[in-house]
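Just so it is clear, none of the values below were taken in a lab; they were calculated from the coordinates. Worth saying up front: this structure is predicted, and the values here are computed from it rather than measured. Heads up, the Cβs are rebuilt from the backbone with ideal geometry, glycines too, and the neighbour counts pull from every protein chain shown.
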Amino acid sequence: MNTAKIQAGMLFAALAIASQVHSAELQLPKDGWVSWQVEAVEDSPAMCCWSSWDNGVASDAVCKLDGDKQGYGSRDKTKTDLVRVYARLAGGKVEKVRALAAACPVETKSPIQKLDNIATDDSARWLLGLAKAAREEINEETLAALAVHRGAVALDGLGTMARTDAQEETRKRAIFWLAMLRGTAGADITTNAMFNDQSAEVRKHSAFAITQSKSPRVTADLTKLGNTDRDADVRAQAWFWLAHTGAAKVEDAIIAASKKDQDDHVREQTIFSLSQLPDERATPALIKAAEDRTLSHEQRKRALFWLAQSESPGAQAYLDKVLAGNRTN
């Protein structure tokens, strides 16, 4: 018998079995709660429920998974290496999904069936399949759960959705979770969407998402977006989020944009963006704009308006000076 043919046949069979294993769905019950544990992405926040946030200290609480109102998140900067995925099914259809830190206490109205030895990648593949078919309220939780799964299956799946999904909302959600939880790789995908997505709404959302990421290029990329995007609303949002970063000397870039952008809305929003800087920098920046006679009369008025909205002593002192000057004149 031809040895090469035997080896080729064995390889084909092995690949076929591997494909079936990778594409197989998780064996879940038709009804009730089920859960399984997977490896968390590096530096994953320990998601859990909190009852209060007093004196800078978060008080943990049991997550009541059957409820609709209880919020959850990571408020004390605790990290986790393991997460537990919870799913509730009825008649074989998934009704709820939630991923929490493995140590997070939970409560349900019916018993939770725990599954053992679920591979992280298999869990991620199941979530990807669910994301394609899930209704909106499940989709958000599904993408959040997917984002905390360690490995390339989850990252690549989210990246594909961020780049190619036909639904704007799905792309926006995938981008948000990539920026939040997937480190520099997620930040790179977010930046790509910020510059290249065909939807202005997605590009605006990406400008916000990149500020939640670990990208080392946030300041440079938002400045570039504010100077180059074809849509005025996107440019305006770029300056707004740039101010929120509080990065050094961003007021110089914002003031420069207020002088050269050809769109009235963008020029107005650049002045508003200055008011979003940290207080100790917002007041001097707005005063500088108010006194800059190369700016339009309307822009200078807007600077005075935002100074008047500030509770900064420096802003109030400047306005008193302006009013006193008007009275003497």
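Given springs between every Cα pair under 10 Å in a Gaussian network model of the chain, which of Ala90, Ala162, Ala238 has the largest fluctuation? Of Ala90, Ala162, Ala238, the Gaussian network model singles out Ala90 as fluctuating most. Helix 218-228 axis versus longest C-alpha principal axis of the chain: approximately 70°, rounded to the nearest ten. Counting only DSSP H runs of at least 4 residues, each contributing -39500 (n - 2.57), and dividing by the residue count of the chain, the helix-based mean residue ellipticity at 222 nm comes to -18500 deg cm²/dmol. Taking amide hydrogens as placed 1.01 Å from N in the peptide plane, the amide H of Leu82 sits under 5 Å from those of Ala40, Ala102, each at least 5 positions away in sequence or on another chain. Maximal additional length on extending the Lys260-Lys114 stretch stands at 46.5 nm, based on 0.36 nm per residue less the C-alpha distance. When the chain is described by a simple charge dipole with +1 on each Lys and Arg Cβ and -1 on each Asp and Glu Cβ, the residue from Ser35, Val62, Thr78 located farthest towards its positive end is Thr78. Counting only lysines at least 8 places from Lys321 when in the same chain, those with an alpha carbon closer than 22 Å to its own are Lys288, Lys301.
Taking only Cα atoms, what is the 0 to 90° angle, nearest 10, from helix 264-274's long axis to the longest principal axis of the chain? Taking Cα atoms only, the helix is inclined about 90 degrees. Axis of helix 313-328 versus longest Cα principal axis of the chain: the two differ by about 30°, to the nearest ten degrees.
When the square roots of the Cα gyration tensor eigenvalues are ordered a ≥ b ≥ c, the ratio a/c for region 154-222 is 1.5 or more and a/b does not exceed b/c, which makes its shape oblate. A dipole drawn for the chain from +1 and -1 charges on Cβ atoms has a positive end, and of Gln113, Trp239, Ala90 the residue lying farthest that way is Trp239. Mean separation of Cα pairs under 8 Å and 6 or more residues apart, divided by the residue count, gives the chain a relative contact order of 10 percent. Taking other Cβ atoms within 10 Å as a rough exposure proxy, Lys79, Lys249 sort from fewest to most as Lys249, Lys79. Bridging of Lys132 to lysines at a Cα separation below 19 Å is possible for Lys93, Lys96, Lys172, once same-chain residues fewer than 8 apart are set aside.
With each label modelled as a point 7 angstrom along the Cα→C-beta vector, the His297-Ala248 pair spans 4.0 nm.
Potential lengthening of the chain between Gln309 and Val62 amounts to 84.8 nm, from the contour at 0.36 nm per residue minus the alpha-carbon distance. Partner aspartates and glutamates whose Cα lies under 15 Å from the Cα of Lys259, excluding those fewer than 8 positions away in the same chain, are identified as Glu251, Glu268, Glu291, Asp292, Glu298. Taking a ≥ b ≥ c as the square roots of the eigenvalues of the alpha-carbon gyration tensor, region 217-316 is classed oblate because a/c is 1.5 or more while a/b is no larger than b/c. In this simple spin-label model, placing a label point 7 Å from the Cα along the Cα-to-Cβ direction at both Lys30 and Ala220 gives a separation of 5.8 nm.
Taking semi-axes √(5λ) of the Cα gyration tensor in Å as the quantity of interest, determine which of (i) 40, 21, 20; (ii) 49, 25, 15; (iii) 30, 27, 21 was computed from the displayed structure. This structure yields the entry labelled (ii). Within the chain, DSSP assigns beta bridges of which about 85% are antiparallel (rounded to the nearest 5).
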